[in-house]
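The values are calculated or read from the model by the stated rules, or taken from the named source; none is laboratory data. Because the structure is a prediction, the values reported are computed rather than measured. Note: ideal-geometry Cβ built from the backbone for every residue, glycine included; neighbour counts use all protein chains shown.
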Amino acid sequence: MPNLVMENPANGHAHAAWVLAAPVCRTDVARLKPLKLARSVTEGLRRSCDGDAGYAGLLMKNPLSGAWSSEITASDAYALEELRAALEEHGDMPPASWKRTKRARTVGLGRNCTLFDEARTDAYRYVRKLPDRTAISGEMLREHVRATCHQLNAELFADPLPAREVEDIAKSIHKWITTRSRMWRDGAVACEATFIAMQSARG
C-alpha cells in the first residue's frame with residue numbers, strides 16, 4: 001500500500017507516494033547500486049498501479065494543499081528491498097531487459113544512472129590522453145568531466161537534471177578516478193601499456 005494518495009477531486013487524477021525508511025543518496029558520495037535499485041523499484045511501483053508511463057517522477061501533488069483530496073493509507077515506511085520483494089512477488093518488477101529501454105535511461109532516477117555511465121566512460125578515455133598524473137592533469141580532468149556532464153545532460157534528456165545534480169555526478173566521477181582507479185594510481189605509462197595489452201588480447 002502507498003503511504004499517501006492525493007487525488008484531484010475534479011477529474012480523479014491522483015498521485016500515490018511510498019515513504020522510504022532510509023533516503024537514497026543522489027550526491028557525489030552516492031553509490032550507483034542503490035540508485036539503480038531505486039530506479040527499478042520506482043518503475044515497479046508505477047506498474048503495480050498502472051500509473052502514467054510518461055510521469056518523470058519529479059513533481060508531486062502537495063498532500064497538505066486544500067486543492068486535493070488527500071489520505072494517509074499506511075503509516076510504516078518501507079525499505080527499498082522490502083518494496084522490491086513485494087513487487088517481485090506480485091510480478092510487477094520490470095525485467096532485466098527494461099534497463100536498456102529509453103524510458104529507463106531518460107526518466108526520473110534513470111537520468112542519474114545514464115549520465116553517470118556515459119560521462120565516466122568518456123572520462124576513462126580522456127585519462128588515457130593525459131601525459132601524467134600531476135595536480136594540473138587532475139584539474140584538467142575535473143574540468144573535462146564537468147563540461148562533459150553538462151553537455152550530455154542537455155543532449156540526452158528532454159527534461160534535464162538540475163545543475164546541482166549534474167555537478168555532484170561530475171564530482172563523484174572525478175573523485176573516484178583520482179582516488180581509487182588504477183588508471184590514475186599506476187601512472188600514465190602503465191595505463192597505456194595495460195590498454196595496449198587489452199586491445200591486443202581482444203584482437
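Okay, here's what the table says:
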read-out: Some residue of the stretch 91-108 being farther than 16 Å from LYS36 by Cβ, over 17 Å from the mean Cα position of the chain (by Cα) and modelled with pLDDT of 90 or more; value: yes
read-out: Condition check for GLY51: in contact with a helix residue (DSSP H, G or I) (Cβ under 7 Å, 6 or more places away or on another chain) and within 19 Å of VAL107 (Cα to Cα); value: no
read-out: Residue within the stretch 68-86 that is surrounded by 15 or more Cβ atoms within 10 Å (Cβ to Cβ) and in a loop (DSSP other than H, G, I, E, B) present; value: yes
read-out: Members of the stretch 133-150 that are loosely packed, with under 13 Cβ neighbours inside 10 Å and under 16 Å from ALA123 (Cβ atoms); value: GLU139, GLU143, ALA147
read-out: Within the stretch 1-47, considering residues that are in contact with a Lys or Arg (Cβ under 6 Å, 6 or more places away or on another chain) and aliphatic (A, V, I, L, M), the one surrounded by the most Cβ atoms within 10 Å (Cβ to Cβ); value: VAL41
read-out: Single residue of the stretch 29-67 satisfying the filter (part of a loop (DSSP other than H, G, I, E, B) and of a type in the set (Ser, Thr, Tyr)) that is modelled with the lowest pLDDT; value: TYR55
